[in-house]
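Read-outs throughout are calculated quantities, based only on the coordinates presented, and are distinct from any laboratory measurement. Predicted model, so just to flag it, every value in this text is computed and none were measured. Cβ: placed from backbone, ideal geometry, glycine included. Neighbour counts: every protein chain shown.
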Amino acid sequence: MPKKKTGQRKKAEKQKLRQKEIRNARENVDLAAHPCNVPMECDKCQKKQKNRAFCYFCQAVQRLPTCAHCGKVKCMLKAGDCVVRHPGVYTTGLAMVGAICDFCEAWVCHGRKCLTAHACTCPLMDAVCLECERGVWEHGGRVFRCCFCQGFLCEDDQFEHQASCQVLESETYKCQSCNRLGQYSCLRCKTCFCDEHVRRRGVIRDRRAAPPCPRCAYPTHVTAELSMSTRSHRYGRQGAALPADDDADHDADAGYSYAGAEGGDYSSYSESGSSESESESGSGDESDDAPAAAAARS
């Protein structure tokens, strides 16, 4: 019969689980709340931007820099792992910093852990916007992730991209490998897969989890649970129809777009109409002059 757990044993197990949750939460910090991506306001030009070593607009140095790894503004460690020793003295400003990150362009404090770990685990290492293809050094705003495809987005394009992210690259919801309806959709590849072609040989997956995409290995989602839409064309078969007050002869071609439907030039249409009218008038003149020419010959 197993021994009964004491109160001290139960307390130790609860503390162990709590510390494990804290470590997991520290590793899975949201990108918007990471210290290297927090909002900052310049002391001189008063413009809001991402946490940086120098102001993006006026290149001014901040009075109280924030560490990009631990997020502290003031070092209060008397006997810590600081590279620059300051026993009994609290350091702020440039006396606290030790380096500048090449990826996120933010200060890193002089703590040994921050200096050795931040460059390898910087969350903005490959932060290139999907829409404008700008990096951290090329724009002054913060960096976000799309809630659908988990791609990097700058502060200018985040809402526009997320509003149009759930759009397939095809015109139908059918699977790319067969003609059946796609039950699973990949939000990165923008394609649908049926239940048979979403599986790959040699890939062991959890039955309760969503199957990964066979192309990019990103977790797929059920198409019925998403607001997925198909690709539409402004011109061509799905172009704008002609106005309703046009002639009935053009009703058959209402599915095609003309230059006039987009507010373009009507010169070609008017020239063709004028040429037809001239030809009709010319044929009428010849028919009227035929009896007079015959009478003159006689």
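Shape analysis of the range 35-121 places it in the oblate category; the axes a ≥ b ≥ c from the Cα gyration tensor give an a/c of at least 1.5, with a/b not above b/c. First check a/c for the range 99-138, with a ≥ b ≥ c the square roots of the eigenvalues of its C-alpha gyration tensor; if it is under 1.5, answer rounded, and if not, answer prolate when a/b is larger than b/c or oblate otherwise. In terms of gyration-tensor shape, prolate.
Is the C-alpha gyration tensor of the range 110-220 telling us rounded, prolate or oblate? Criteria: a/c under 1.5 is rounded; beyond that, a/b larger than b/c is prolate, otherwise oblate. The shape class here is oblate.
Note on the range 126-165: Rg/Rh from C-alpha atoms, Kirkwood Rh, equals 0.92. When Ile100, Ile22 are sorted by how many other C-beta atoms sit within 10 angstrom of their C-beta, beginning with the fewest, the order is Ile22, Ile100. Distance between the modelled labels on Ser227 and Asp126, one decimal in nanometres: 2.9 nm (7 Å Cα→Cβ projection). Measuring between alpha carbons in the structure, the pairs from Lys47/Lys190; Lys50/Lys113; Lys44/Lys72; Lys16/Lys48; Lys50/Lys74 lying more than 30 angstrom apart are Lys47/Lys190; Lys16/Lys48. Taking each residue as 0.36 nm, the span from Ala32 to Gln166 lengthens on full extension beyond its C-alpha to C-alpha distance by 46.0 nm. Working from label points 7 Å from Cα in the Cα-to-Cβ sense, the Lys3 to Leu94 distance is 6.1 nm. Charge tally around Lys48: other residues with Cβ under 15 Å, Lys/Arg +1 each, Asp/Glu -1 each, net +1. Charges on Cβ only, +1 for Lys and Arg, -1 for Asp and Glu, centred on the Cα centroid of the range 101-196; of Ser170, His118, Ser185, which one is farthest towards the dipole's positive end? It is His118, whose Cα lies furthest towards the positive end. Qualifying trypsin sites (Lys or Arg not before Pro) in the range 47-134, where qualification requires a DSSP coil assignment and no more than 14 other C-beta atoms within 10 Å, comprise Lys47, Arg63, Lys78, Arg85.
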